[in-house]
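Read-outs throughout are calculated quantities, based only on the coordinates presented, and are distinct from any laboratory measurement. Since this is a predicted model, take the numbers as computed values, not measurements. So basically every Cβ, Gly included, is an ideal-geometry build from the backbone, and we count neighbours across all protein chains shown.
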Amino acid sequence: MSGSSCDDRADEVLRRQSRLESERANWESHWAEAAERVLPRQRDFQGAKRAGGEKLSDKVFDSTAPLALEKFAAAMESMLTPRNERWHELTLGHATGDRAGEEWPQAVKEYLYAVTSVLFRLRYAPSANFASQAQENPVYVREDAQHPAQFVPVGFVRLHDAAAGGAALPDAAGVADDAASAVTLAAVAGTVIDNYGSCNATREQLIGLQGWVRAQQAAWDRR
């Protein structure tokens, strides 16, 4: 590709971006109004800076909208990127040139399937924190290895691991449990977000299943 054609393509992309910015301009004020009442910390998502100490939640009258947003986000995640399903696959475009109209070889399809499997295995590995990082954990809990308060006590880790594994709770905490562990608050927040996200997603799926069962029962009763 020549330099001239690259420049033309770049100019085309910039013109399209400018056109899209103009088309969305009328919506930005509506989005900001909604954010002020539902997610105040994101009301300046367009990049505007606010003064320090400014009140953010003065237009939130109760918790109805923020709580509904959390449920909606969990439902959207369970539908768009369900953690227990392969929600995307790697594919190739249609063959062109001498191979136009031909099917790709089976070996190519198997390779793409294997690569997709690797992506999902790494994405949802325990140490990946994909789900929490895809949300907003870093906005609230930042990792700072120089700050001792960023590390939770050993006793907390023991208690958490015992409860998560269904084991008997450890004995009363001792002096050794007060020492800082190697687990950061950010890691704890990520784990909690992942767990709550899974619980909320499962809850929404169960609600949907209950609705389906009731609909089937009603249809059966009308027979």
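With a 10 Å Cβ neighbour count serving as the proxy for reagent exposure, in which order, fewest first, do 62, 7 appear?
Exposure proxy ranking, most exposed first: 62, 7.
Quick check: net charge around residue 37, other residues with Cβ under 13 Å of its Cβ, Lys/Arg +1 and Asp/Glu -1?
Counting the neighbours of residue 37, the net charge comes to -1.
Amide H to amide H under 5 Å from residue 183: which residues, 5+ apart in sequence or cross-chain, H placed 1.01 Å off N in plane?
152
Add +1 for every Lys or Arg and -1 for every Asp or Glu among the other residues with Cβ under 14 Å from the Cβ of residue 21, and state the total.
Counting the neighbours of residue 21, the net charge comes to +2.
What is the sum of charges around residue 128, taking Lys and Arg as +1, Asp and Glu as -1, for the other residues whose C-beta is under 11 Å from the C-beta of residue 128?
+1
With a point put 7 Å past each Cα toward its Cβ, work out how far residue 161 is from residue 20 in nm, to one decimal.
According to this spin-label approximation, the distance is 4.7 nm.
Highest mean first, how do 80-89, 9-18 rank when packing is the count of other Cβ atoms within 10 Å averaged over residues?
80-89, 9-18
Just order 67-77, 180-190 by mean Cβ neighbour count inside 10 Å, highest at the front, would you?
Taking the mean over residues of other Cβ atoms within 10 Å, the ranking is 180-190, 67-77.
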